[in-house]
1. Can you list the strands (runs of 3 or more DSSP E) lying wholly within the range B:38-136 that have 1 or more residues being over 30 Å from residue A:55 (Cβ atoms)?
2. Given the criteria farther than 18 Å from residue B:39 by Cα, surrounded by 22 or more Cβ atoms within 10 Å (Cβ to Cβ) and more than 10 Å from every other protein chain (Cβ to nearest Cβ), does residue B:139 qualify?
3. Would you confirm, using the coordinates I've provided, whether residue A:58 is surrounded by 13 or more Cβ atoms within 10 Å (Cβ to Cβ), assigned to a helix (DSSP H, G or I) and in contact with a helix residue (DSSP H, G or I) (Cβ under 6 Å, 6 or more places away or on another chain)?
4. Return the only residue of A:44, A:35 being within 13 Å of chain B (Cβ to nearest Cβ), assigned to a helix (DSSP H, G or I) and out of contact with any strand residue (DSSP E or B) (no Cβ under 6 Å at 6 or more places or on another chain).
5. Residues A:194, A:176: which one is in contact with a helix residue (DSSP H, G or I) (Cβ under 9 Å, 6 or more places away or on another chain), more than 8 Å from chain B (Cβ to nearest Cβ) and closer than 17 Å to residue B:225 by Cβ?
6. Here are some residues: B:162, B:139. Which one is in a helix (DSSP H, G or I) and out of contact with any helix residue (DSSP H, G or I) (no Cβ under 9 Å at 6 or more places or on another chain)?
7. Hey, among B:104, B:100, which residue is crowded, with 21+ Cβ neighbours inside 10 Å, more than 21 Å from residue B:239 (Cα to Cα) and either touching a residue at least 60 places away in the same chain (Cβ under 8 Å) or out of contact with any helix residue (DSSP H, G or I) (no Cβ under 8 Å at 6 or more places or on another chain) (or both)?
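The values are calculated or read from the model by the stated rules, or taken from the named source; none is laboratory data. What you see is a predicted model; the values in this text were computed from it and never measured. Quick reminder, even Gly has a Cβ in these numbers, built from the backbone with ideal geometry, and neighbours come from all protein chains shown.
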């Protein structure tokens, strides 16, 4: 066991412990780390935007290459701030917003339906699976489970027909259980994730900080 | 006060301490519980790299995650990169998340040093660029222009031999994509805009239920599940590492949580019945 002498490792270890201390009780160490984290995130975002967004456009593209259309984009971007400057000029901010929304919709509509269509097509399943002339009982069972749970889940969110109708009511009831199974799986995986995160920190504290050989 | 009433009123902080201590024991003394391979989620990734990819293939690895997901995705990335290098493939590391670029490069550099992979020849990290989806789309036309012609550390592509093979992010130049995802942007970028290139995913466990329909529909060919997926992959390539070591603790943690859920429900049922009578 050889405790780390690297100051960076010590900072990481102590801030990790400070964050976990919240589980026991809210305290000043946790609040200090929380504020430092928030401040660093904001500072990082600002520097990143300046360094990778604004500077390269101005220095490399506009001044270096003479790509003047970027000036138009810059002016449009600045118009966003007119809503902060004065109510008299705030209407100008609608131009960049409109442009951004229009561009976004067009960009998305060009390709986005395709992935959903593929999944929709996949939901059309054979309910009698035969492979190489042999009936596949387990695969057939799986297909039935899939189709029944798909239809009953959809019926749970289907409000065009009143849920007083016996068929819709029964179907929606089963659909509710299907949703619960799905949410249960998501919860189980979330627990896996949280424990993995804790184990990652634990490994850092034990190996990198305290120097245990595991 | 009955046992169940005391159990229900227990301070949750004791549970945290108990869980933390319980997880510590298997970290120090792993039991070596068997790790079964998931044939629908994990095995296709291994088979693809091991058997289907032609030699000297060029793959894009996207580290679309932040430090919060590193505990789950770093071991996946390390195991897969190790496998790719062993099979003689080439890797270009990119990231849709700015923090993922540096995280992924750190992990890959460590593995590359261990296996003797040469930077610029066997792998290159091009990093992250501002611009979101339009930036990714621009790489389909001109990868060099979209990346500004430099790697993550500002080294010009002209000085990196591997980059001569990658002029556009298109089939024919790119043989596959492996994306490590923890949210958005992530898998939808490739599913929507790069459907002609084969996609494989490594995901945090919490993402998996949402991504499973895409696996079933064939939009992604495999899906590694968090630390568990990394452990399975380490077993598949025959090099147990960090993920395998932690799986015992992971399993014990689950057992404890399941036991607590069952006990809580028994207590609830008993209390409800007593209330009814």
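1. B:58-64, B:90-94
2. Values: farther than 18 Å from residue B:39 by Cα: yes; surrounded by 22 or more Cβ atoms within 10 Å (Cβ to Cβ): yes; more than 10 Å from every other protein chain (Cβ to nearest Cβ): yes.
When the stated conditions are applied, residue B:139 passes them.
3. No.
4. A:44
5. A:194
6. None of the other options fit; the residue is B:162.
7. That would be B:100, the only listed residue that is crowded, with 21+ Cβ neighbours inside 10 Å, more than 21 Å from residue B:239 (Cα to Cα) and either touching a residue at least 60 places away in the same chain (Cβ under 8 Å) or out of contact with any helix residue (DSSP H, G or I) (no Cβ under 8 Å at 6 or more places or on another chain) (or both).
To keep it simple, each residue is scored yes or no on (1) within 11 Å of chain B (Cβ to nearest Cβ); (2) surrounded by fewer than 13 Cβ atoms within 10 Å (Cβ to Cβ); (3) under 26 Å from the mean Cα position of the chain (by Cα).
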site: A:155; (1), (2), (3): no, no, no
site: A:158; (1), (2), (3): no, no, no
site: A:167; (1), (2), (3): no, yes, no
site: A:206; (1), (2), (3): yes, no, no
